[in-house]
1. Is there a quick way to get the dipole size of region A:225-327? I mean about its Cα centre, with the Cβ of Lys and Arg at +1 and of Asp and Glu at -1; what is the value in debye to the nearest 20?
2. Over chain B, what is the relative contact order in percent, taking alpha-carbon pairs closer than 8 angstrom and at least six residues apart?
3. Roughly speaking, what is the centre-to-centre gap between region A:249-292 and region B:277-328 when only Cα atoms are used, to the nearest Å?
4. Of the DSSP beta bridges with both residues in chain A, give the percent that are antiparallel, rounding to the nearest 5.
5. In peptide B:293-305, what is the residue-averaged number of other protein chain Cβ atoms found within 10 Å of each Cβ?
6. Work out the charge dipole of the protein assembly as shown with +1 on the Cβ of Lys and Arg and -1 on the Cβ of Asp and Glu about the Cα centre, then indicate which of A:Ile125, A:Gly351, A:Leu261 is farthest towards its positive end.
7. Any idea what the relative contact order of chain A is, in percent, if you count C-alpha pairs under 8 Å spaced at least 6 apart?
8. Could you work out how far helix B:184-195 tilts from the main Cα principal axis of chain B, as a 0 to 90 degree angle to the nearest 10?
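Derivation of every value follows stated rules applied to the coordinates shown; laboratory data play no part. Predicted, not measured: the structure shown is a model, and the values here were computed from it. Cβ coordinates were reconstructed from backbone atoms using ideal geometry, including for glycine residues, and neighbour counts include every protein chain displayed.
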Amino acid sequence: MILALTNATLACPVGGVTKGNVLVRDGVIVATGIVDIPSDAEIVDCAGKTVAPGIVDLGVAKVDRAAFRAGGIVRIGLMPDQSPVLDDPGIVQRAALIGKPDLWIHPIAAATRGLEGHDLAEMAICVSAGAKAVGTGKHWIADSGVMRRVLAYARDLDVTVIAHAEDGGLTAGAVATEGETATRLGLPAAPAVAEALAIARDLMLAEDTGARIHIRQVTTAAGFDLIRAAKRRGVAVTCGITPAHLHLSEIAVSDFRSFALLSPPLRAEGDRRAALDAIADGTIDVLCSGHEPRGPEEKRLPFTDSSSGMAGAETLLPLALMLVRDELLTLERLFALLARNPARVLGLDTGTLEVGKPADLMLFDQQAPWQIVGEEFLAEAGNTPFDGLPVQGRVLRLWKGGREVR
Amino acid sequence: MRTSDHRPAALIEGGAVFPHRHLTGIDGLQPHEIAFLLDEAETWVGANRTHATPDKRLAGLTQINAFFENSTRTLLSFEIAGKRLGADVVNMHAAQSSVKKGETLIDTAMTLNAMRADVIVIRHMSSGAVRLIADKVDCPVLNAGDGRHEHPTQALLDALTIRRRKGSIAGQRVVICGDLLHSRVARSNILALTALAAEVRVCAPSTLMPPMIERMGVTAFTDFDKALEGADVVMMLRLQNERMDGAYVPSTREYRLRYGLTLDRLAKAAPDALVMHPGPMNRGVEIDSAVADHARSAITEQVEMGVAVRMACLDVLTRRARGVEGWA
C-alpha cells in the first residue's frame, strides 16, 4: 500500500520549502519531490496546501488526543508530573503504550523520586521502560548537589535532562512577574531574575558534568543571554518556549484573567521582545504548546487560587505561523522548532520529510482563517489566553507512521 | 490602566453622577465620582452625631456581609451602616478552610444571588475575588477588602477624614508608611489620593515595597525621616506580627527604630500634620501611644467616618433598585 501526497508545498527542516509529492510505503517516507506516482497508490491531492512533519510536542501536561489530533501533533513528550508521578517503570511503560498507534507518547521520567528533589529516581529502568528523557517536572530542584548528581547520572545514560528554570526560593507563592501590573492588582509576584538565576546554576552544572540539558521554557532576556553564551561555549544546551510568551506580556493578566496564569508567568514587554529576538537568532530550539487543559473548577477561581496552565495544543500551529508571517522564521525553520529539534531532544530520528524517516505527516492550509474560541476547543478544557484572537493556519489531515489519524 | 467596571453595560447602570453598578475598587472611578461619594458621606456624619430622625431608606432590603476572611471592625462598621439605614443585615462568616475545600467561590456567589440579596458586601483573602463574584450576581457588590488588591471604603473614609480636617485634599503631602507590599489599604489610598490631586509619598523598607510603585503616581522612600519632611498627613499602616520576625523585617524593635512614628519623628512633619492609622494598631511598634493619642491624631475620627462612608455607598449603590428618581 502506497500513499501519495501530491502537488503539495513541502516544508522540511532539512530539505527546505519545495513543491512536489511525498510517497509513503509501510509507514516510511520512500520518496519526495518530483517523483512518479505508482498506479496503485492512494492519492491525496494537496494542491495549494502544505505538507510538513507532524508536530513533536515536548513537555505537555496531559494526554488529550482530540486536541493533539486537531493541532497536528503526532508525538508528545509527557511531563513527569502525572498522578502517579512518572518515576516507576510500570507507570512509564503504561504511559508509553496507551497512545499507540495514533499518538506516540514519549514519557519524560522523573529525575528524582516523586519529583521531590531529594533522591535519584530509577532513571535507567525508566529509560528501558520507554522514557526518552528525564526531567524535573514543573519544579526546580533546589538542592544543587542533587541537581548535579541528576545531570551526571543522566549523562551516563545518554539522556537529556529537561529542566524547569525558576528559582523556587524567589517564586514561592508567586502567581505573576513583579512589575506594574502585579503591583496594581496586588498579586503575589516574583522577580523575573528568578529564571536567570536558575538557568545560570543549571548551565554551570551541565557544563561541569558534560550532561545534555534542555530548559523547557525560557522567557526572559537575561535567560536568553545565558543560553546564548553557553551555546557559544559549546555547552550541550537547548531550550524551548510556548507561543504565549512570544505573543503576550504581563498586561494579559489585567482584570485578573486566570486563563493568563501560566508557569512561568507572563513577563514584561521587554522580555517578550527578547524572546522574539531569540526565536529569530536561533537561541530557541523548540516551540511547544505547554498543553495543560484546566476546567472551570481549576480556573474559575480568584486569580491567586487558580491553577496555572493553558490549553495550547490546538493553537500551537497558527500561533507559530504568526512568526513566519512576521518574518522571524522561515517555514522550514519553523518545522525544525516544531518537529526536528524536539525529536532530537528526545533522541528520536524523526521530524523531517527525508526519505527513510517515519511518515509522520501533517497536511495543513497556511491561509485558512479562523478565530480562537476556547469554548469550541476539542481539548478537555478551553482555557486559552488567546480567546477571540483571529488566526490563520489549520490542520486538515494527519498521518502517524503512514496511517491516518482520525 | 483602568481595570474596573470593564463591562460597558455598567455605564448605563446607576445614576449619571455615579454610573457604576458595583464598588469593587477605587480604580475606575473618576475624581468627581469619588468626590460625590465623599459629599454623600458628609451628610451622614451630621445625622449620625445628632441621632436625628431615623432615615430608614434601605428598609426592606437585604444586605449580606459575606466575609471570607476574619474581620472585626470593618464587619461591624458595615453592619452598623446597614442597620442605621434600615436594611436587614445578615452576616456570613466563611472560614477560609471550608471555602477552599468545599464549594467554589462562584458557587457561593450563585447561592447568595439565589437568596435575592439586595446588596452584598464581600471581604476575601484573594486579590480579584470580589470582582469575580460581582460578575456573577444580579445585585450591587461592595468590596470590603480583597487580598492585597483594594479596600475602597477605607480609602474613602481616609479621604473624608483628610478633607474634613484639612479643608481639601488637593496639594496635601500625604505620607503612607508601612507594609505596602501586602496592603490593600495602601493601594486604594494611593488611587484615591492621587485622583484627588494629593502629593503622595510612600515609605517602607525595600522588602515591603511593591516594585514599580512609582508608576501609580507616588514617590517612594525607604528613609522615613526624609519622607516625613513637610508632610501634612502621616498615614501609618499596620504591620502583621508574623512579618516582623525575620521574614521581611528582622524584629519589631528594629522596625520601630526605622519606621516607628514617635513624637520626635512627627516633629519632622508639618506642625499641623494629621496622624492616621486604619487600625488595629500595634502600639509601640509602628506608632507610639503618645502619637496615637495626640490631638493631631484622627484615628478615632477615621472609624466614625467609616460608618458614614459605608452608609453613603450602600445608599448610592441601591438607588437604582429602589427606583430613586434619576437612578432607575
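1. Working: 12 positive and 15 negative charges, 52 e Å.
With Lys and Arg at +1 and Asp and Glu at -1, about 260 debye.
2. Details: 630 pairs, mean separation 64.0, N = 328.
So the answer I get is 20 percent.
3. 42
4. Working: 30 of 61 bridges.
Bridges in chain A are about 50 percent antiparallel.
5. Values: counts 0, 0, 0, 0, 0, 0, 0, 0, 0, 0, 0, 0, 0.
Going residue by residue through B:293-305 and averaging, the value is 0.
6. A:Leu261
7. Working: 1023 pairs, mean separation 81.2, N = 406.
It comes to 20 percent, rounded to a whole number.
8. Taking the Cα atoms of chain B, the angle to B:184-195 is about 90 degrees.
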